[in-house]
1. If I ask for residues that are modelled with pLDDT under 95 and surrounded by 15 or more Cβ atoms within 10 Å (Cβ to Cβ), which ones from the stretch 135-144 would you list?
2. Identify the residue in the stretch 70-94 that is in contact (Cβ under 8 Å) with a residue 60 or more places away in the chain and not in a strand (DSSP E or B) and, among all such residues, is surrounded by the most Cβ atoms within 10 Å (Cβ to Cβ).
3. Does GLU62 meet the test of being modelled with pLDDT of 90 or more and touching a Ser or Thr at 6+ places or on another chain (Cβ under 7 Å)?
4. State which residue pairs qualify: first residue closer than 16 Å to SER209 by Cα and inside the stretch 33-53, second residue surrounded by 16 or more Cβ atoms within 10 Å (Cβ to Cβ) and charged (D, E, K, R) in any location, beta carbons under 6 Å apart, and separation of 6 or more residues or different chains.
5. Has the stretch 100-115 got at least one residue that is within 30 Å of THR183 (Cα to Cα) and touching a residue at least 24 places away in the same chain (Cβ under 8 Å)?
6. For GLY142, indicate whether it is part of a loop (DSSP other than H, G, I, E, B), under 22 Å from the mean Cα position of the chain (by Cα) and not β-branched (Val, Ile, Thr).
7. Among what's in the stretch 48-69 and is out of contact with any helix residue (DSSP H, G or I) (no Cβ under 8 Å at 6 or more places or on another chain) and in a loop (DSSP other than H, G, I, E, B), pick the residue that is farthest from ALA147 (Cα to Cα).
8. Looking at the stretch 37-66, which of the residues that are over 15 Å from LEU202 (Cβ atoms) and in contact with a Leu (Cβ under 8 Å, 6 or more places away or on another chain) is surrounded by the fewest Cβ atoms within 10 Å (Cβ to Cβ)?
Amino acid sequence: MYIVGIILVVIAGIMFFARRSQQGKLTEVKFRQTTSAAELDDLAKAVQSGTGTTGAFRRDVELKGSIQCDTPLISEVANLPCVYYSMYVTREYDELYTETNPDTKQQERKTRRKSETVASNTRSTDFWVTDASGRVLVKPQGANVEAEQVVDRFEPWKPTIGTQLSVGNFSFDLGAFLNSVNTVGYHFHENILPLNRAVYVLGEASDTSGQLAVAKSKEKGPFLISLKSEEEIVKAASGAIQWLMYGAIGLALAGVALIVIGLILIR
């Protein structure tokens, strides 16, 4: 009980810090004003005019527009044009284990389903956020990306598959698992930022690279790229804050109670 109590208190602490992170995100999204592409360009040019050089402009911004890209990526699994994709494949298998029956005290063999990640890849490319006034370059490296799931597909294992398992442009070598008779199948997942979709961007605009672009801040400011609307982001963050608060309080109280009971029993 004592050890379980400590674990619950630690989890409560993690949830508390996660709640603080969500609060910071909510504050940034809720109170930062949207800047149009033309407004941002005018602000950068005003600073350049005042300093006589580029590289001095920095501003936290919120952008809303459509995703555009001249040379998009092609996602590995869904084979779709996009500016970002994240894919991973898990192998699902049955594991045999033994467990003592509390009534008969005999060892019993049982089976449980487990999974392991056998392949993963994430790629992104620079893109434009286009609105009615113009467009702004976004460099997505290092962003917290809320993308769209386009693949959630399970492929049952069959001996006739051979040594390669291919889905879309992705091909996986099964050599390491050909003799694993306990393999049930492979689960493919892929999320993307597709072209021509409405997008929300929260980040830092600067011209330090010689070109005005929104990218990850060198400070600790948030960098968010989401297919959700601002209203959807605020609603989700508010719900997460409330859930994390109740969860942290509940686990902390339960953990403290178990620690006290454990100390009493030890005595």
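The values are calculated or read from the model by the stated rules, or taken from the named source; none is laboratory data. Please read all numbers here as calculations on a predicted model, not as lab measurements. Cβ atoms come from the backbone with ideal geometry, glycine included; neighbour counts cover every protein chain shown.
1. Result: ALA143, single match.
2. In this case the residue turns out to be SER75.
3. yes
4. ALA44/ASP207
5. Yes: one or more hits.
6. Numbers: part of a loop (DSSP other than H, G, I, E, B): yes; under 22 Å from the mean Cα position of the chain (by Cα): yes; not β-branched (Val, Ile, Thr): yes.
Answer is yes for this residue.
7. So the residue we want is GLY52.
8. Out of the qualifying residues, it is ASP41.
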